[in-house]
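In what follows, a structure is listed as structure tokens, so that the remarks can point back to it.
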Amino acid sequence: MDISKDLAQHVFIKIWKKRNLLSIDYSVKKYIFKIGYNLYIDFQRQKTKELLLLEQLKHEAIEEMIDFNDDYLDQKNKSTHE
């Protein structure tokens, strides 16, 4: 996935959708850059949230595996002692 191309495309889509509302009082280049920068920051925030969620899910899965193994060993020990 080429993030820079995706972000550039989103910048121009955003400009196109709001073309009738635009009133640029300064440099078009600065305006486009600012939109791109804001989209990049939003992308990074979303990516961070996704990574944190994946990390949390990984830890939960490991805890479940440990609990399952502990329960399995407990049952196995009980059955061997009976």
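Not counting the cut sites, what is the longest span of the chain without trypsin sites (Lys or Arg not before Pro) that DSSP labels loop and that have at most 13 other Cβ atoms within 10 Å? Intermediate values should be presented prior to the final figure.
Numbers: sites that count: Lys18, Arg19.
After excluding every exposed loop site, the longest remaining stretch is 20-82.
Which of Ile32, Ile13, Ile66 ends up with the largest GNM mean-square fluctuation for the chain, with Cα atoms connected below 10 Å?
Ile66
Give me the angle, in degrees from 0 to 90, between the Cα long axis of helix 3-17 and the longest principal axis of the Cα atoms of the chain, rounded to the nearest 10.
The helix 3-17 is inclined about 50 degrees to the chain.
Give a residue-ordered list of calculated ³J(HN,Hα) values for segment 57-62 (Karplus: 6.51 cos²θ - 1.76 cosθ + 1.60, θ = phi - 60°; whole Hz; x for Gly, Pro).
Once rounded to whole Hz, the list reads 4, 4, 5, 5, 5, 5.
Check cross-link reach from Lys76 to the aspartates and glutamates: straight Cα distance under 17 Å, and skip same-chain residues fewer than eight apart.
Correct list for Lys76: Asp67.
Let me check I've understood the local charge: for Gln56, count other residues with C-beta under 12 angstrom from its C-beta, Lys and Arg +1, Asp and Glu -1. What total comes out?
Details: positive: Lys49, Lys58; negative: Glu50, Glu55, Glu60, Glu63.
Surrounding charge for Gln56 is -2.
So which residue, out of Leu53, Leu39, Leu22, gets the largest mean-square fluctuation from a GNM of the chain using Cα contacts under 10 Å as springs?
Leu22
Any read-out appearing in this document is the output of simple, stated calculations on the displayed coordinates, not a laboratory observation. Keep in mind it's a predicted model, so treat the numbers as computed, not measured. Note: ideal-geometry Cβ built from the backbone for every residue, glycine included; neighbour counts use all protein chains shown.
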